[in-house]
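I have placed the structure first, in the form of structure tokens, so that the comments after it can refer back to it.
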């Protein structure tokens, strides 16, 4: 399969590119840093320069592409949500998706599939009720962002392209995302749950996130939103208890909600609220999770074999 990927140098994208290339797919990577990464990626895939904002020669690379995987976007949790940071987070997703879909619409031969990133922030802060893909949109910055982001991706359906939006939860691996930051205090015997402790954590091992992308690429009956989370979400207190048990460390020093609010501002709500999200479409469609439970995922990441998507 001839696949174009944006965001291929990020935490998820790096592993995805390695896996798909190893499986024999032809990869075209749209990137802001084509020259800088050419020695790392150049032998296994085609690198094409783009900035996510402007039209240009990169559009020609869409010709003959079977599928597009769009992961580009500024990190959500890397900095306090100032007005400027929110604008960057929004523009990096909305503008790049609009640009990509508009370019796609102009091609005589259009990709059969567009898989576009989204997030479980779509559902907003929720209570204990399980949320499948049919659940209503919530409120707040991320819910509004995801609505607009998905709407831009869905425009591709008007041109006959199958569109899948991956509503991703907390992605777990040892070389990026939230987990390495969570592990540090536990290794120092100072770990504990982020209060109030009963907020739901909908998580997924990165290998399963990549597996869901592979499944979506080859399952023509799947379209629309797909919850990219494991089938067993847990509450924060239990998450930290399992993390401590795997690391042979106690989970006994809670992180007060007020401290996070003072440190991170509105961004802190990502950690103090949550959603109990269920991957209903994936389960109904026959996807088999490699790591369905948090214990199995953390065992594999922290004390087991490395993620096979990183293997040579």
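Below are the figures for this structure:
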quantity: The stretch 260-287 residues that are at positive phi and without any contact (Cβ under 8 Å) to a residue 24 or more places away in the chain, paired with ones that are surrounded by 15 or more Cβ atoms within 10 Å (Cβ to Cβ) and in a helix (DSSP H, G or I) (beta carbon under 6 Å, 6 or more apart); calculated: none
quantity: Scope the stretch 226-242; condition out of contact with any helix residue (DSSP H, G or I) (no Cβ under 6 Å at 6 or more places or on another chain) and more than 23 Å from residue 19 (Cβ to Cβ); matching residues; calculated: 232, 233, 235, 236, 237, 238, 239, 240, 241
quantity: Residue count, the stretch 7-22 (criterion: part of a loop (DSSP other than H, G, I, E, B) and either more than 26 Å from residue 205 (Cβ to Cβ) or without any contact (Cβ under 8 Å) to a residue 40 or more places away in the chain (or both)); calculated: 1
quantity: Subset of the stretch 233-256 that is assigned to a loop (DSSP other than H, G, I, E, B) and within 19 Å of residue 270 (Cα to Cα) - its residue that is modelled with the highest pLDDT; calculated: 233
quantity: Residues of the stretch 36-56 that turn out to be over 21 Å from residue 89 (Cα atoms), assigned to a loop (DSSP other than H, G, I, E, B) and either touching a residue at least 12 places away in the same chain (Cβ under 8 Å) or in contact with a helix residue (DSSP H, G or I) (Cβ under 7 Å, 6 or more places away or on another chain) (or both), as a count; calculated: 3
quantity: Yes/no for residue 164 being in contact with a helix residue (DSSP H, G or I) (Cβ under 7 Å, 6 or more places away or on another chain), assigned to a helix (DSSP H, G or I), in contact (Cβ under 8 Å) with a residue 24 or more places away in the chain and surrounded by 23 or more Cβ atoms within 10 Å (Cβ to Cβ); calculated: no
quantity: Within the stretch 232-248, considering residues that are in contact (Cβ under 8 Å) with a residue 60 or more places away in the chain and buried (at least 19 other Cβ atoms within 10 Å of the Cβ), the one nearest to residue 157 (Cα to Cα); calculated: 233
quantity: Residue list for the stretch 189-224, filter: in a strand (DSSP E or B) and on the phi > 0 side of the Ramachandran plot; calculated: 224
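The values are calculated or read from the model by the stated rules, or taken from the named source; none is laboratory data. Nothing here was measured: the structure is a model prediction, and the numbers come from that model. Every residue, glycine among them, receives a Cβ derived from its backbone with ideal geometry; neighbour counts consider all protein chains shown.
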